[in-house]
Amino acid sequence: MYETKTHPPIPPEKFIRRVFLHLAIALLVLLLSVMLGMAGYEHYENLSWRSAFLNTAMLLGGMGPVDAPQTDGGKLFAGLYALYAGLMFLIVAGLILAPVVHRVMHKFHWEQD
């Protein structure tokens, strides 16, 4: 997907396109994660969509749930979703930072003639 260290860095226009592609993928991952979390909270805890969104957003943002789960299914879902949210935080951060880190590393390693 990326150029090797023996190839010159891509032009700035292509780099900006690459950054926006990574941002779009990260937003898509976040959107799917929010939809998954909202569906789980609505199903297992019978929360309204607003409360489900709030709990989902707080977990994805690393803050923790607002409403404590009341049902056994809700507790299991909340625990698993919290683990998932922590992993998604790392994945989204990696998606956003990957092109920039690659560009910096590429500039250090590219051997010009």
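The values are calculated or read from the model by the stated rules, or taken from the named source; none is laboratory data. Bear in mind that the values here come from a model prediction, so they are computed numbers and not experimental data. So basically every Cβ, Gly included, is an ideal-geometry build from the backbone, and we count neighbours across all protein chains shown.
Structural remarks
- Test: VAL104 is over 16 Å from the mean Cα position of the chain (by Cα), surrounded by fewer than 16 Cβ atoms within 10 Å (Cβ to Cβ), part of a helix (DSSP H, G or I) and at pLDDT below 90: yes
- Of everything listed in (1) surrounded by 15 or more Cβ atoms within 10 Å (Cβ to Cβ); (2) part of a helix (DSSP H, G or I), the single unmet condition for ILE16 is (1).
- All positions within the stretch 80-96 that are out of contact with any Ser or Thr (no Cβ under 6 Å at 6 or more places or on another chain), without any contact (Cβ under 8 Å) to a residue 60 or more places away in the chain and surrounded by 12 or more Cβ atoms within 10 Å (Cβ to Cβ): TYR81, ALA82, TYR84, ALA85, GLY86, PHE89, GLY94
- Which numbered condition LEU30 fails, given (1) surrounded by 15 or more Cβ atoms within 10 Å (Cβ to Cβ); (2) of a type in the set (A, V, I, L, M); (3) not in a helix (DSSP H, G or I): (3)
- Considering only residues in the stretch 57-72 that are without any contact (Cβ under 8 Å) to a residue 24 or more places away in the chain and in a helix (DSSP H, G or I), the one that is farthest from LEU83 (Cα to Cα) turns out to be ASP72.
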